[in-house]
1. Contour minus end-to-end for D14 and S219, with contour as 0.36 nm per residue of separation and end-to-end as the Cα-Cα distance?
2. Tell me the label-point distance for the pair V409, L275, using the 7 Å Cα-to-Cβ offset, in nm and rounded to one decimal.
3. Highest first, please rank the peptides 140-151, 228-239, 185-196 by the mean number of other Cβ atoms sitting within 10 Å of their residues.
4. Along the positive direction of the dipole of the chain (beta-carbon charges: Lys, Arg +1; Asp, Glu -1; about the Cα centre), which of L253, A426, L206 reaches farthest?
5. Treat each spin label as a single point 7 Å out from the Cα along the C-beta direction, and report the D203 to E136 distance in nm.
6. Can you give me the solvent accessible area of Y251 with a 1.4 Å probe, rounded to the nearest 10 Å²?
7. Take the eigenvalues of the Cα gyration tensor for the range 95-136, scale each by 5, and report the square roots as semi-axes in whole Å, largest first.
8. Treating only the Cβ atoms of Lys and Arg (+1) and Asp and Glu (-1) as charged, compute the dipole magnitude of the chain about its Cα centre; round to the nearest 20 debye.
Amino acid sequence: MSELNRKSPERLQDRVDQVMQLLEQHGLADALVRGELIDNALQQQDQTELQRRLDELHPADVAHILESLPLAERLAVWQLVKYDRDGEILLEVSDAVREILIADMDNQEIIAAANMLDADELADLAPDLPRDVVRELMDMLDAQQRERLRSALSYDEDEVGALMDFDMVTIRDDVTLEVVSRYLRRFDMLPDHTDKLFVVDNDGRLQGVLPIKKLLVSSPDALVAEVMAADPVIFDPQAHASEAAQAFERYDLVTAPVVDATGVLCGRLTVDEVLDYIRQESETEALNSAGLREEEDIFASVWKSVRNRWAWLAINLCTALIASRVIGLFEGAIEQLVALAALMPIVAGIGGNSGNQTITMIVRGIATGQVQVAHGQRLLRKEAGVAMINGVFWGLVLAVIAFVLYDNVALSAVLMAAMLLNMLLAALMGVVIPLARLRAGSDPALGSSVLITAITDSGGFFIFLGLATLFLL
């Protein structure tokens, strides 16, 4: 099978299905899970075929398969993966699944897997490893790799320094392009994503970058200093990774140098690391907006899933109780006009949807750096205008429907007014909640959808039933 077919994303689900089929037929899964010696000819054949398929797959595809398997089958398949691929696969799986796989390995297996990784890759894996294993790995590294690992571990996970790669090609500016070409031919393979060479002086300070395309089309007799770009996009290792991600998108970068305050080249940032960071941030934001504290293995134990979800469910329960008490305040009104019970969920639901739209736009603006706390008043005016127009239009539509159903002009007018007021409340909270959390130094997305829904539900019930009590009863 060709390399293209093996890595085709359209066929990845087929690979998962094939692995599951091999595990299920002839009882191979049960035998592997129980750790039995396989002497059945059919099971041996299935195991050999399964190992062959795993060996063919890219580490990212194997990681996807492991994440798609229930816990017992996952660990059984993990035992079939060759040790020299363990490290690459551990880097590809989610944090929750990585924790499970590492827990299934003994220290020597972990060390063997980690020894196949570079310093920057080890830095990604180190926080999930036992401390004694990390110490032993540090002792086994040479001085340069040890210093690189310590450097990478010194940065927070959302800083550029934690994402940078140390594997890069550096050259001097006083040599010709012919000399550079001969130098490159001495490598068996260039580092991944090498689109430029980094020009440094004798002290390691960055002078510029030489794009590979310039090297290929320029005169071999030209000096590097004549051809290089002296003003490349650079990053400080302590800069926030989200700023780097925006710069990569803005300038269509593949790689970029990471330079410290003294101008010394520390490493490089590559597009694959930036894409991984963007994906992780997107997943975290989606989880936080639903009130989940961390990424969860879909096949995790019941208790672990409960612990991950209970906090915001408790908050949701409290807000639901508040909403129910708001309704309880108007029991008499609902008894006198039953139509209120049928219409009030519409007011609350439309308000919640509108609030979620607003809060999603604000959180996205914060994530891309377009929205700051100082923009609050301007955003409030803008979102209030949007809510006013939507409230009048959809309130009028709902009022007409209510009149057709109940033949009550006053009820239709109250419904329209409640819709408008609740959408204005949703717009206000949709701006205030994320900006207030941003000012407090918290994640603006954390529990945002839970909070906005709770407010628009309680507010919608109170506004609609309150207006009905004042003007209808």
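The values are calculated or read from the model by the stated rules, or taken from the named source; none is laboratory data. Nothing here was measured: the structure is a model prediction, and the numbers come from that model. Note that each Cβ is placed from the backbone with ideal geometry, even for glycine, and that neighbours are counted across all protein chains shown. The area values use the complete protein model at the heavy-atom level, side chains included, leaving out ligands, DNA and RNA. Shrake-Rupley method; radii C 1.70, N 1.55, O 1.52, S 1.80 Å.
1. Values: separation 205, 0.36 × 205 = 73.80 nm, distance 4.97 nm.
Roughly 68.8 nm would be gained on extension.
2. 6.3
3. On the way: 140-151: 14.5, 228-239: 16.5, 185-196: 12.2.
Going by the mean number of other Cβ atoms within 10 Å, highest first, we get 228-239, 140-151, 185-196.
4. A426
5. 4.2
6. 120
7. Equivalent ellipsoid semi-axes, largest first: 14, 12, 10 Å.
8. Details: 38 positive and 72 negative charges, 452 e Å.
Taking the Cα centre of the chain as origin, the dipole is about 2180 debye.
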